[in-house]
Every structure is written in C-alpha cells, then in structure tokens.
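A short reminder: the numbers here are calculations on the coordinates, not readings from a lab. None of the values given here were measured: they were computed from a predicted structure. Reconstructed Cβ throughout: ideal geometry from the backbone, glycine too, with neighbour counts over all protein chains shown.
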Amino acid sequence: MFLNFSRVSASLIFLVLAGFHATLSPAQHAWRTIGPDGGDARSLTSVPDSPDHLYLGTANSTIYESKDGGSLWKRLARLDPADDLVVAHIVLDSANPAHIFVAGWRFDKPEGGLYISRDAGRNWSQVEALRNRSVFALVQSPSDPKILVAGTLDGVYRSDDAGASWTLISPPGSVEIHEVESIAVNPANPDIIYAGTWHLPWRTTDGGKHWESIKQGVIEDSDVFSILVDPVNPRIIYASACSGIYKSENAGDLFHKIQGIPSTARRTRKLNQDPARRETVYAGTTEGLYKTINGGKTFERMTGSDVIVNDVWIDPDNTSRVLLATDRGGVLASNDGGASFTASNRGFSTRKVEALLVDEQDPARILAGVVNDKTYGGAFFSADGGAEWKQIADGLGGRDIFSLSQAPDGTIAAGTNSGIFVLAKDATTWEPRSAIVNTVTHQVTQVVRKKRITTEKTGPDKPIDLTSRVSALDVSGDVWVAATASGLYRSHDQGTTWQGGPVAGISDFRTVAVHGASMAAAFPTGLVISGDAGQTWTPVTVPVKVSHIHRVVYSADGTLWMGTREGVYFRRSGSTTWMWLQRLPLLDVSGLTYDARQGRILASSRGSDFIYAINAKSFTWTWQRTGFPLFLVRQGSEGLLAASLTDGVLAEHAPAQEQTNQSMAGNGATK
C-alpha cells in the first residue's frame, strides 16, 4: 500500500501486514503490583466478627483486601475502567459479609455510583438508581441490616431491601438537603437519620417524610463531613465540619463547638469512637489524627500535621489497634492507641510512576520516579527486583520525577518538574545539576592611542538555573542531553553545566533519544535531529497523519522509532522515508523503548493494558495483556516491568505467555 502525502517531502510508506487474524483475548498470565508501597487510601472496613479480614478503598477505582489485619494487601477488584473513582465508603452486610456495598464519586465530575457484590468481591454490579451519581456517604442500619442509606449530590436515598431498590427520601429538588457528605442512623430506630450537607446538618425522625434543620450552635454554612452517634446513648452526637468539631447531648437539638482541635485542622474527614471506651473518639483531619479520651473536653494530636487522614478504623477486638487511611502515605497502623504509627502497605500501591530505570549492570536494581506525592514521593529504589523499596528523596525538595537515565559510571540523572538532579553510584542524596552556561558574543570597546576601538569577544554567559520541567534525559554517552519545557540542552561535563535553549523557535520538548552522535528530539507536533551530538539541530518533516508525538527511540542499527497518537512509525538510518506499522492494533503509543538484550521495541499506551514487543528486524510482534493501565515498559531481571499512573510499578507474575501474530513473518514494505 502506498500513500503520497502532498505536504510531506518524502513519501510515507505503510508496512503492509496482510492476513492479521489474531484475536485479542484475556491475559494468559497475571501481573502484579510490586510497589513502591503506599499512595492514596480513602476508606477502611473489616468483616463483622473477623477484624483481621479488611477491605481498603482507593482513589483510583480499586479495592484491596487483607486477611491478616493489614500486614499484606492484595488487589481485589477494579470497579470502573476509569481510574478516577474515589472508593469513599465500603459497607459489609452485617447479616451476610459476602455482600459488599461500595459508594464512589469522581474528582471534578458530578458522577460516581453505588456498587454491589454478592460474592465477596469477585463480581460487581452497579445500582441503576444511583448510576452516574456521586455517592459521598453510605451506612447500614445497626438495627435492621436490610436498610441502607446513601448521601448524594441530589439528596438522601434509602433502601429497605438490602440494596435491591432505592428511593429518594429527601425532598426532590430541595435547595437545602442536597450535596450530602455524611450520614448516620440511630442505632435503635432506623427512621431517625442524620444528614450532613455542604451547608449544615439535617435530621428526620420518620424515615424521610419530614426533615428539620439541626444547625443550632453550628457556625453558618459549615460543611459537615462526618456524623457519629453514640451506640449506647444515641442522644450523644458528634459532627465534624469545616468550622470545627461539634457535640450534642440532646440528639442534635443543640450543638456546642469542641475547642480542643486548632482551627487550622478544620477539615475533619472522619470521626470514630472506641467501642470499648466510648469517651475516646478519634478525629481524622487534613492536618493529622487527633484523639480525645474525655468525650471531647481535650484533644491531643497523635501524628504529624502533614498526615491527611481520610478514614479511621478501630479493631473491635483490640481497640489499641488503629488503622488510618491517608493521602499519599497509604495505610498507617498503630498498636498502642495511636501513640505511634508505622506504614502497613505491603502489596498496596497507588503510586503515580512516570519514570522507571533498570540498572544496566544489575537488572535487579530498579529506580522509580513518583509524581504528585510531595514528601512521600520523589525516587524509590529497590535492590531486589521490587521486593523491597527504599525512598531516596533527600535533596529533591519534594520535586516530582518525570525522567531517569543512567550514565556509564552508574550515575543516575533525574529530570524533575524544576531542574535536573544527579545521584552518584551508591549515594543517598540527590545533587542539583541545573546550571545553564551558554556561550555569548558581546562587544567590548577600548581606547587605544586615544581612539575608541570596538571588538567582539566570545565567552561564557552568567550562569542561570534551569527551573523548567525536564521531560526526558539521555546521559548514556559522552554528551548528555535533556528535553525540557524551555528547550533542548546538552552537557559535556556530566551535567555540571548545560548549554542550549529553544530550537527552531520551539521550547516545549517532551522526548529525546541518542545513538552515538545522532540525536532526535520531539515536541508534540514535530521532530528535530542532530548529527553532531546536539551542536546543531535540523527540523524533520513527519507524516502529515501524525497529530501528536509522545516518544522517540533508536534501535541498535540506528533506526529511529516514533510513538505517536496514530501508532508506531520508524525511519531507517540514512533514510528520509517514514514507515508505519499499519496493522499494529495499538494507538496513542505513549510508551516506547528499545530492549537491547532481545532486540525489540516495547510499545504501550497509557489508555491500554496491552504491551506489544516489536522485532526490530522482522517487524513481527507479540503481545500480552497486563490487566493494568500502563505508562511505559522496561525489561527487568526476570521479565517485563511497567510503570503505571495508578498502581505503581508492575511486574510479570510468571514468564509471559505471549500471543504472536505469525502471519506477519516475511511480509515487507510495499510502495
């Protein structure tokens, strides 16, 4: 097949791969999350009468399960193909713990839903009555397990048949009872329901027929995040709001503000009561965990102020054991009533990994670059293929890492959201390497024998720091090169100084590749190449069909490969003709790397859970399905590794049983 694009100086040749009949089937092997442990945890609950059996909800549509009290977590289910469902509440049916109810909502969207499993999480269905509704609260009646109550953006819903059907029990279209963030049910009377909204609390005593405001004592326009009803004395009620924590001793008729928590910790997302010592109440806030042992008269902060607590779970059999679901830090566990906490995240990872490096001399050594986790993120190192991880973030100042590359002497360079940093072999602290020292020519005027003489002198300019995002690095050769949001830069002294800037009027470069003195760098809509190690760059015409370039990479023979929104293209060394893998069933190729050990190109897409391994000589490929959305793929010591934007670093559970497109063998390009 031959296509002639009038806007392209060289013709674009399609690689014809006739007779492709392979069917994309489910994975023949399992992939698993190997870390780095931690990330965003949103909700915790345990099986009634079996507190070692726990369920954990995340912010990426996923539920984890532990059967040993949280020491080891395993991924149970992904409720939604999208990765933005916040699993806000998990309710286990007290009459049948195999029945699981999950409330979810989405970031920045008025969407979500209620999900139900009747077989302990193996299969799930979505409740049609609440489909695409943000469900912020969900509780089961303590006295009647058939009754469940949910809080949504448009009001309060109730089910009287264990979740089979749902009815809106707040006034339809109410301008008051909507945006319901929290729900509580009287322990003895399921018709007494409390609803906390984004604008004060409400109560019904007749199952929703009538509602009354219970705002007396509460500061106006308070968002009510959590409501707690004392199980023994239901006239005692605690409510948390953006304006503080409140307590009522008359079933909500009057609240008084508790003074023990500083006003800065005003978002108390969760209140939970010690079932054995009811005067003890934990308050999970956006500035740490607080605890009162005297019914709210005084509070003590039990963690650092940097801990954002989303949920608090107390072991009913051993109330000294407390688990926290936190932002970025995952699950924290205490065995002394909150006096001290340690991470309890083995097997659980919701890290957003955008950079992954496998040590060329020792493939069991892995470095992962994590973004959006501030002090909990940066870089994580594993010396044993991902079994154990250690955070190496000193010197980064909380920066995100978007790219990693290794020099021949073992030095690792990291491109961050603000500059370049290096980690010497066996070091534990990153050092900045972001000094830009360009050569400039300026005029110098001197007076010689009473005459003014102007000459031009060339020399180094005043150093300035590179503070832009560094999306890609290659430090594998004598000349280091960086693709940044402010242009292309190269270094001849291992990153001590850099030279460069915009190229052909373009600043925002996203990817770069090096093959000896040959270099290629791309911005979203174009490509430049260099044959002199980055001293000069020349724009290259790309196929007119290409609308977005994600990655470029060289294979061993100098062939330049390009991952684009439209698929994979390549151009042989010395040629100006682009070829397209027309039948490759993968678009929006955001991950592209060359596996030198096996002579193949590894291609992936952040919108897919497939990996394609393309033979760099025959252009045949194999594929496998991981079950996880991927960002990029690398060859590890015992199989493939992948970086995920939702589940940390992934690894093959066993040697891959790949699917092969046999019919491609022997096919060539036609014009």
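Numbers at a glance
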item	result
Whole-angstrom Cα spans of region 42-150 along principal axes, big to small	36, 32, 21
Cα-based convex hull, region 229-339, per residue volume (Å³, whole number)	84 Å³
Inter-label distance, nm, simple model (7 Å from Cα along the C-beta direction), residue 450/residue 125	10.6 nm
Intensity falloff of region 96-145 expressed as log10 I(q)/I(0), Debye formula with alpha-carbon point scatterers, at q = 0.13, 0.31 Å⁻¹	-0.33, -1.12
Relative packing of peptides 279-286, 403-410 - highest average C-beta neighbours within 10 Å first	279-286, 403-410
Check: region 274-338 dipole with +1 on Lys, Arg Cβ and -1 on Asp, Glu Cβ, in debye	160 debye
Computed magnitude of the charge dipole of region 560-630 (debye, nearest 20; Cβ of K, R +1, Cβ of D, E -1)	200 debye
Long-range HN-HN contacts of residue 564 with modeled amide H, under 5 Å	550, 569, 589
Positive-end extreme of charge dipole, region 488-636 - chosen from 610, 533, 632 (charges on Cβ)	610
Rg/Rh (Cα only; Kirkwood hydrodynamic radius) as it applies to region 60-116	1.00
21 Å tail of the calculated P(r), region 131-277, as % of Cα pairs	38 percent
Partner lysines for residue 291 [C-alpha distance under 25 Å; skip if fewer than 8 residues away on the same chain]	215, 247, 257, 270
Förster radius 30 Å - calculated FRET efficiency between residue 388 and residue 494, Cβ distance, rounded to 0.05	0.50
Cβ-based charge dipole, the chain, positive-most Cα from 475, 423, 64	475
Pair residue 206, residue 49: separation of 7 Å Cα→Cβ label points (nm)	3.8 nm
Cα-centre dipole for the chain with unit charges at Cβ (Lys and Arg positive, Asp and Glu negative), debye to 20	2300 debye
Region 37-110-region 111-141 distance, computed between alpha-carbon centres (Å)	12 Å
Set of lysines near residue 390 by C-alpha distance (under 28 Å), chain-local residues within fewer than 8 positions excluded	67, 74, 352, 374, 425
Spherically averaged projected area in nm², based on the convex hull that wraps the Cα atoms of region 491-552	4.4 nm²
Sites residue 336 and residue 276, calculated FRET efficiency, Cβ-Cβ separation with R0 22 Å, nearest 0.05	0.90
Candidates per GluC sites (Glu not before Pro) in region 177-254, loop by DSSP, up to 12 other Cβ within 10 Å	220
